[in-house]
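Bear in mind that the values in this text are calculations on the coordinates, not laboratory data. Worth saying up front: this structure is predicted, and the values here are computed from it rather than measured. Note that we place each Cβ from the backbone using ideal geometry, even for glycine, and neighbour counts take in every protein chain shown.
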Amino acid sequence: MSRTHSNIVDRKLEHIRICLEKSVEMPTTTWFEEITLIHKALPEVDLDDIETSVEFLGKKLSAPIIVSSMTGGHKISRNINKAIAKVVEDLGLGMGVGSQRAAIENPELEYTFKIVREEAPSALIMGNIGCSQLLRDDFIHIARRAVNMIDADALLVHLNPLQEIIQPEGDKKFHGLTDRLRELTSAMTTPIIVKEVGCGISMEVAKILEKCGVYAIDISGAGGTSFAAIEKYRRKEDELMAAIAETFTTWGIPTALSLCEVRYATSLPLIASGGIRTGVDIAKAIALGADITGIALPVLRAYYSKGEEGVRLLLIRLIEELKICMLLLGVREVKELKRVPLVFSQKFRNYLQQRGIVYTDEVRRRGGYC
Ligand SMILES: Cc1cc2nc3c(=O)[nH]c(=O)nc-3n(C[C@H](O)[C@H](O)[C@H](O)COP(=O)(O)O)c2cc1C
């Protein structure tokens, strides 16, 4: 394995280790707590009649939940991918694989990703490359290889400028990405979904992405895993860089706000991720305008605490919580969540007002399946 390949693999393993041992979630929140769902004491619906299934990318999901991109590229990540894939196949959910860059540069590592399609022949599976791959001359070829490697239903392209800048081996060039994204969406038949990695997407960026022809946006907002926090621990020997990373641990648009920004700006299908931790968070995200939700860090931790069974229990818990929440709101189907009354705190309303966002009920209902 060349130095570059092993560097990427080592870094990804270090990320996993730090995520398990340290506190890597943002000290600030998603702002979901600034939104209140109104309890309905007369639900007029039976728990057994509640239907959590939705359709996304032409596939039926048993609940609006995917496991967000995390791993691949090493024997250890192959085992994590295998467990997650098996569970999402069994439960009828979906997943994104971690960045496929290591396997694109070294085909010997492809097996760590291919296992996902082997274990989940029918689930919604998404490939993953980083925006820095788009700046290479052969970027279309790279994107096709990522898709073909796992027979992906869509390709996620992650935008991670903060992470790249604060990690020593990160890419520092971002000029020209918009043009490359436009070229990518016209060259590919597979849908392209752009995602952040924990800093959120603004309405200005969402409009650009829509013009570029992306199929959907995964906002991956602030309030969950912070790559600046991960970097702070990775670089603890380098006092200056650790301090800089610390400064940016709260950087980004909180998930609930990013969701409003993007839903206001576009009618594209939306994935809400970044700090989604409970079925109530999922219900709030859908009520605000998301089509489905993504969860990363808790899945990794569940795998390390109880293996495949841990991942299964976590995802079942989220589905059950969503169901209970739907019952307590008196809704039978997921799309009805977009019609339940919401109360926004004054702080939340101030933010929307200053951003010129008029968040009407009609705006909440834009999107994929509503
Ligand atoms: C260990 C780890 C590795 C990750 N690797 C990737 C990656 O390769 N590509 C990507 O797009 N996002 C990656 N992410 C970001 C997640 O997909 C997600 O956007 C982010 O962690 C926010 O979700 P969370 O708060 O539920 O963890 C990674 C996250 C974690 C925790």
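Values as computed for the structure displayed
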| quantity | calculated |
| --- | --- |
| Computed [θ] at 222 nm, deg cm²/dmol, the chain (DSSP H ≥ 4; -39,500 (n - 2.57); rounded to nearest 500) | -14500 deg cm²/dmol |
| Compactness of region 266-370, expressed as Rg and Dmax over alpha-carbon positions, Å | 15.3, 46 |
| R0 of 25 Å, Cβ-Cβ distance K306-D10: FRET efficiency to nearest 0.05 | 0.45 |
| Cα centroid separation - region 72-142 against region 272-328, whole Å | 21 |
| Förster radius 41 Å - calculated FRET efficiency between K172 and K60, Cβ distance, rounded to 0.05 | 0.45 |
| Cα gyration tensor category, rounded, prolate or oblate, for region 1-119 with a/c compared to 1.5 | oblate |
| The chain: most fluctuating residue of V67, V340, V194 per GNM, C-alpha cutoff 10 Å | V340 |
| T28 paired with A243, simple spin-label distance in nm, labels 7 Å along Cα-to-beta-carbon | 2.1 |
| Selected from L328, L93, L268 as most flexible by GNM, with the chain as the system and alpha-carbon contacts under 10 Å | L328 |
| Set of lysines with alpha-carbon distance to K207 below 28 Å, sequence-local pairs under 8 removed | K59, K60, K172, K173, K195, K284, K335, K338, K347 |
| Alpha-carbon gyration tensor eigenvalues x 5, square-rooted, for region 150-293, Å | 26, 20, 13 |
| Region 1-70: equivalent-ellipsoid semi-axes (sqrt of 5 x gyration tensor eigenvalues, Cα, Å) | 40, 21, 10 |
| Electrostatic dipole magnitude of the chain [Cβ: Lys, Arg +1; Asp, Glu -1; Cα centre; debye, to 20] | 340 |
| Relative intensity, log₁₀ I(q)/I(0), of region 59-172 from a Debye sum that treats every alpha carbon as a point, q = 0.12, 0.14, 0.17 Å⁻¹ | -0.40, -0.54, -0.78 |
| Where Rh is the Kirkwood radius over Cα pairs, Rg/Rh for the chain | 0.95 |
| For region 172-202 and region 1-64, distance of Cα centres in Å | 21 |
| Partner aspartates and glutamates for K75 [C-alpha distance under 19 Å; skip if fewer than 8 residues away on the same chain] | D10, E14, E105, E108, E110, E118, E119, E308 |
| Overall Cα dimensions of region 34-87, principal axis frame, Å, largest first | 52, 30, 20 |
| DSSP beta bridge pairing in region 20-364, given as percent antiparallel to the nearest 5 | 20 |
| Residue of G96, G221, G58 that the Gaussian network model of the chain assigns the largest fluctuation, springs spanning Cα pairs under 10 Å | G58 |
| Of T190, L352, I165, farthest towards positive along the dipole that unit charges on Lys, Arg, Asp, Glu beta carbons give the chain | I165 |
| Lys, Arg +1 and Asp, Glu -1 on Cβ, resulting dipole of region 195-281 about Cα centre, debye, nearest 20 | 180 |
| Inter-label distance for T189 and N350, nm, one decimal - labels placed 7 Å from Cα along Cα-to-Cβ | 5.3 |
| Mean Cβ neighbour count within 10 Å, used as a protection proxy, ranking 269-280, 73-84 highest first | 269-280, 73-84 |
